[in-house]
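Everything below concerns the one structure shown next.
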Ligand code: FAD
């Protein structure tokens, strides 16, 4: 029996956010003696969107050793403290999904349970009033978290909004400095080995051949390796997440203020994002093509900008779903080639990041273990399903009266996993985070309550606490948090103050 071939050459195909994130991480982490080559085609280009993130992105940047000031300046990045949802629950309604926790638990009773009881009795404010990130969002202010748990600022949590093409460029420089070899060219063929059907090489137009033992498919929606060459299979989730197109356009910043959050506004046949960066604002209208024409979707987008468009809007087509096997044979799909959930909770870049982490934890050094591959796929599937359920919640729990889309998603059968969560929460506000679930309890609670899923009752343990004392301490918490938020610098001032010199 011959020994399995050692893995000495890793080939990444695709130079979008997924490709360069993978290249930068591999360059930092893989053992000496393993080469990394990235093939990309300028002619094909990248998807050109993907600007908002969630807090774990900071761990990725820290792993690479990126300096935050330098990163923000090179990517025209801004701080994101959460998402404001406008008109989602019903027209005229607004709520926020802030990062960071709400209030404090008392004697083992969850904060939101006590809040539910006091609020029902008219003795508590809306729940955002007890979250320092939500208060800073409303004030347009920001200050970084501190480690001291005694400080209110320890409760700040944040992510970034950045220009994705600048981020890819930044990571490219980082990866190339650490030895990643970039090859410009268009992959024309993907020959498979006789016998096991593993990818042998990618052949570029002009017959250049790039060989490897492990291939990362970062070719975006094309899924050139994982699907076109290997036929790993696709599972559609379009019956749950019915939006299948987006029109996107950058616009000029409306003024000097830069809001430290992403805004999502529901429309008749979808929703519109607004992502403020330092040099411009990113906008897009995600919609269901069965409910609105491309032209009308474009008109809606342009009619709801708060600055002049900087170019013509561009159209993107997609389908929500996932690759049946993200790791198949000697190929791992990362980014859009592995699946797509619409950008409502800014999770795609995070899914790339966690795919890279899983791959590093299971990186083979010789041969391919089916057990390790299956574990990768199992963990990937579980994470995609959890994020899918969270995104579906926003659609399903709506009371909007306009447009057929909103009626359909309200009435549709939802995944059993989400149904259980909703039933449990509707009773006494109970919620359990499963295993390594990405979104924390506070995120689910913000969206459940925001979307109008109000529990009928509360945890009976809350009845055992002194109500008058709780009402007083709630008011004190709010005042403390509001004071802390008011004392923060305005977000744009903080950015200017923290720009690198020169
Ligand atoms: P791409 O950017 O499409 O890159 C594909 C690469 O493959 C390119 O370099 C291309 O040249 C190369 N390639 C393809 N075919 C070949 C070939 N034959 N030969 C050589 N090279 C080839 N994510 C977030 O986290 N936050 C957001 O706010 C967000 N908003 C989004 C909005 C929309 C409407 C959409 C559609 C997506 C959004 N995403 C968002 C997702 C995000 O854009 C992607 O996850 C991210 O950009 C990664 O893309 P990618 O690298 O997988 O693919």
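The values are calculated or read from the model by the stated rules, or taken from the named source; none is laboratory data. The structure presented is a predicted model; accordingly, all values stated were derived computationally and were not measured. Note that each Cβ is placed from the backbone with ideal geometry, even for glycine, and that neighbours are counted across all protein chains shown.
I'm told residue 193 meets every condition in (1) within 12 Å of the ligand (Cβ to nearest atom); (2) more than 30 Å from residue 103 (Cα to Cα) except one. Can you identify the failing condition by its number?
The failed condition is (1).
Output the residues belonging to the stretch 275-330 that are within 11 Å of the ligand (Cβ to nearest atom) and either in a strand (DSSP E or B) or touching a helix residue (DSSP H, G or I) at 6+ places or on another chain (Cβ under 7 Å) (or both).
275, 282, 283, 284, 285, 286, 287, 314, 315, 316, 317, 318
Give the residue that is nearest to residue 498 (Cα to Cα), with candidates limited to residues of the stretch 278-287 that are surrounded by fewer than 21 Cβ atoms within 10 Å (Cβ to Cβ) and touching a strand residue (DSSP E or B) at 6+ places or on another chain (Cβ under 8 Å).
Residue satisfying both the conditions and the ranking: 278.
Can you name the residue in the stretch 206-233 that is surrounded by fewer than 21 Cβ atoms within 10 Å (Cβ to Cβ) and away from the ligand (no atom under 15 Å from the Cβ) and, of all such residues, is farthest from residue 341 (Cα to Cα)?
Checking each candidate, the answer is 211.
Quick test of your reading of the structure: residue 245 fulfils all but one of (1) away from the ligand (no atom under 14 Å from the Cβ); (2) under 17 Å from residue 341 (Cα atoms); (3) surrounded by fewer than 21 Cβ atoms within 10 Å (Cβ to Cβ). Name the failing condition by number.
The one condition residue 245 does not meet is (1).
More than 8 Å from the ligand (Cβ to nearest atom) and within 21 Å of residue 208 (Cβ to Cβ): is that true of residue 12 in this structure?
When the stated conditions are applied, residue 12 passes them.
For the condition surrounded by fewer than 20 Cβ atoms within 10 Å (Cβ to Cβ) and more than 13 Å from the ligand (Cβ to nearest atom), what is the one hit in 62, 25?
The conditions single out 62.
Here are 215, 221: which of them is assigned to a strand (DSSP E or B) and within 29 Å of the chain's Cα centre (by Cα)?
Going through 215, 221 in turn, just one is assigned to a strand (DSSP E or B) and within 29 Å of the chain's Cα centre (by Cα): 215.
Say whether the condition of being more than 12 Å from the ligand (Cβ to nearest atom), without any contact (Cβ under 8 Å) to a residue 40 or more places away in the chain, more than 20 Å from residue 446 (Cα to Cα) and not in a helix (DSSP H, G or I) is met by at least one residue in the stretch 345-367.
yes
What number goes with the only condition from (1) farther than 17 Å from residue 263 by Cα; (2) more than 12 Å from the ligand (Cβ to nearest atom); (3) at pLDDT 95 or above that residue 31 does not pass?
In the conditions (1) farther than 17 Å from residue 263 by Cα; (2) more than 12 Å from the ligand (Cβ to nearest atom); (3) at pLDDT 95 or above, residue 31 misses (3) alone.
Might you check whether a residue that is surrounded by fewer than 22 Cβ atoms within 10 Å (Cβ to Cβ), part of a strand (DSSP E or B) and assigned by TED's automatic domain parsing to the domain that holds residue 331 occurs anywhere in the stretch 161-180?
Checked against the condition, which is being surrounded by fewer than 22 Cβ atoms within 10 Å (Cβ to Cβ), part of a strand (DSSP E or B) and assigned by TED's automatic domain parsing to the domain that holds residue 331, the stretch 161-180 yields no hits at all.
Among the candidates 32, 124, which residue alone is without any contact (Cβ under 8 Å) to a residue 40 or more places away in the chain and either more than 30 Å from residue 424 (Cα to Cα) or in the same structural domain as residue 438 (by TED's automatic domain parsing) (or both)?
32
Of 97, 112, 93, which residue is over 21 Å from the mean Cα position of the chain (by Cα) and buried (at least 18 other Cβ atoms within 10 Å of the Cβ)?
So the residue among 97, 112, 93 that is over 21 Å from the mean Cα position of the chain (by Cα) and buried (at least 18 other Cβ atoms within 10 Å of the Cβ) is 112.
Failed condition for residue 188, given (1) within 16 Å of residue 333 (Cβ to Cβ); (2) in a strand (DSSP E or B); (3) over 26 Å from the mean Cα position of the chain (by Cα), with all others met?
With (1) within 16 Å of residue 333 (Cβ to Cβ); (2) in a strand (DSSP E or B); (3) over 26 Å from the mean Cα position of the chain (by Cα) applied to residue 188, the lone miss is (1).
Among the residues of the stretch 35-54, count how many are touching a strand residue (DSSP E or B) at 6+ places or on another chain (Cβ under 6 Å) and either more than 30 Å from residue 81 (Cβ to Cβ) or outside the structural domain of residue 66 (by TED's automatic domain parsing) (or both).
Residues meeting the conditions: 5.
Any residue in the stretch 206-234 that's more than 24 Å from residue 6 (Cβ to Cβ): show its pairings with residues that are more than 10 Å from the ligand (Cβ to nearest atom) and at pLDDT 95 or above at Cβ separation under 6 Å, as long as the two are six or more apart or on different chains.
Listed by first residue and then by second, the contacts come to 232/226; 232/323; 232/324; 232/325; 232/328; 233/324; 234/321.
For the stretch 34-53, which residues satisfy the criterion of being near the ligand (Cβ under 8 Å from one of its atoms) and in contact with a helix residue (DSSP H, G or I) (Cβ under 6 Å, 6 or more places away or on another chain)?
Within the stretch 34-53, 47, 50, 51, 53 qualify.
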